[in-house]
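Take a look at the structure set out below.
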Amino acid sequence: MGLAYDVFGNGKTALRGSLGRYTPYSIAAVDIPANNQAANTTMTPEGSARDSRDSINVMLLPQRARTQGGRLERSNTFTKVLGTTAWSTYPGITRSGEQASDHAVIRLQDCRVHKSALLGKEGEGFKVAMGALDHGRLGVAAGAVGVAQACIDACVEFLTKRQQFGQRLADFQMVQQAMADMFVETEAARLLTYKAAALKDAGVRTTTETSAAKLYATEAASRAASKAVFLHGSYGYTNLYPVERYYRDIKGFEIYEGTNFIQRIIIARNLLGSGKK
């Protein structure tokens, strides 16, 4: 199980030490978002997780993690931390959407991590973590396309069966305009996502393409969800139809793996350069 941590926040530290078979690294304290499946992992008396899949990836920075120019100086990324550390959990915050994926918080306190858990070279944790974001953003884009398509399917089902003023809701021109816009934007999002996926399969660096796909697909899906609720009328604002859930769920897609503000910055910098020397 992988999870994210604020790489610029709080200056958490991973320090070298002499700890025998346990690592040269010591984690003082850090709170990490996780899900309850990991949070409820049963630990053996030896301090290892019963299921080897119950592990987490953590990126930690030194206390002074930035240079004067604002760039990251050094960081480390560790994997399979749960099996070798002292840890505890507490419930996370309830979210508005994505109720099927619950969350909790894992707290690492005075931990010892085996040196074999270090990913990449020492001091290159930020590079490792950022390299994973292209994968994550592509997955978010694909999920957003799915939400947009689900909105279209729900609307077709509702609008072709429900009637007002002696005709189907689907026969009203403004309704048709909204559906046409939803279809066009969803197809554009799908093709952007397919393009990014094809380039990634070809081994091409896809930072700009995945950011573009994530940006457009999530915003197109957000617009589709909003239209879907509206087209369902008062029913759209209830849990009798799935569109209200799509409306709540899609907002998270615009936030995680880098907000859409960040995606615009990434795309623009890759096109124009940062201007910094």
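A short reminder: the numbers here are calculations on the coordinates, not readings from a lab. Here the structure is a predicted model, which is why all the values come from computation and not from measurement. Neighbour counts run over all protein chains shown; Cβ positions are idealised from the backbone, glycine included.
Using the Cα centre as the reference, give the magnitude of the dipole from point charges on the C-beta atoms of the range 127-272 (Lys, Arg: +1; Asp, Glu: -1; all else neutral), rounded to the nearest 20 debye.
Working: 17 positive and 14 negative charges, 56 e Å.
Here the size comes out at about 280 debye.
Along the Cα-to-Cβ line of Tyr194, 7 Å from the Cα, sits a label point; which residues in the range 160-185 have backbone N less than 16 Å from it? Once the point is set 7 Å along Cα→Cβ of Tyr194, 183-185 turn out to lie under 16 Å by backbone N, inside the range 160-185. Of Lys161, Lys195, the sequence from fewest to most neighbouring Cβ atoms within 10 angstrom is Lys161, Lys195.
Sort the following peptides by mean Cβ neighbour count (other Cβ atoms within 10 Å, averaged over residues), highest first: 223-230, 135-142. Please report the intermediate quantities before stating the final value.
Numbers: 223-230: 22.9, 135-142: 21.2.
Averaged packing, sorted descending, gives the order 223-230, 135-142.
Of the residues Gln163, Phe230, Val175, the one whose Cα sits farthest toward the positive end of the charge dipole of the range 127-272, with +1 on the Cβ of Lys and Arg and -1 on the Cβ of Asp and Glu, is Phe230.
Nearest 0.05, what FRET efficiency do Ser96 and Ala202 give at R0 = 35 Å with Cβ-Cβ as r? Please report the intermediate quantities before stating the final value.
Values: r = 38 Å, r/R0 = 1.07.
FRET efficiency, Ser96 to Ala202: 0.40.
The gain in end-to-end length when the Lys251 to Phe183 segment is fully stretched comes to 22.5 nm, 0.36 nm per residue minus the alpha carbon separation. Between Thr259 and Phe230, the simple spin-label model (points 7 angstrom out along Cα→Cβ) gives 2.4 nm. Averaging the Cα positions of each part gives two centres, and for the range 221-276 and the range 127-181 these lie 11 Å apart. Neighbour counts of C-beta atoms inside 10 Å place Phe165, Phe158 in the sequence Phe165, Phe158, starting with the fewest.
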